[in-house]
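S.K.: Here it is: the structure, laid out below.
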């Protein structure tokens, strides 16, 4: 879902390194970290992605912290 959001320009990640590789998400086990520009568009995109995932999987979401900056 995140890849599709980035392809459709709904979410803007960070570009890093000499080759300007764009990163937007890191997942390990059952943890997910989103990386992106500080914007309301990114917040809205993440909210839609998380709620879609919750509805699809019937999972519980635990939102632990939001770091802006």
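S.K.: Test of understanding: extend the Cα→C-beta vector of residue 41 to 7 Å, then name every residue of segment 1-26 with backbone N under 14 Å from that spot.
M.R.: Under cut-off, by backbone N: 5-14.
S.K.: If each of residue 56 and residue 32 carries a label point 7 Å out from its Cα toward its Cβ, how far apart are those two points in nm?
M.R.: According to this spin-label approximation, the distance is 0.9 nm.
S.K.: Find the all-direction average of the projected area of the Cα convex hull for segment 2-57, expressing the result in square nanometres with one decimal place.
M.R.: 4.4 nm²
Bear in mind these aren't lab numbers, they're just calculated from the coordinates by the rules spelled out. Values in this document were obtained by computation on a predicted structure and should not be read as measured data. Counting neighbours? That spans all protein chains shown, and the Cβs are built from the backbone with ideal geometry, glycine included.
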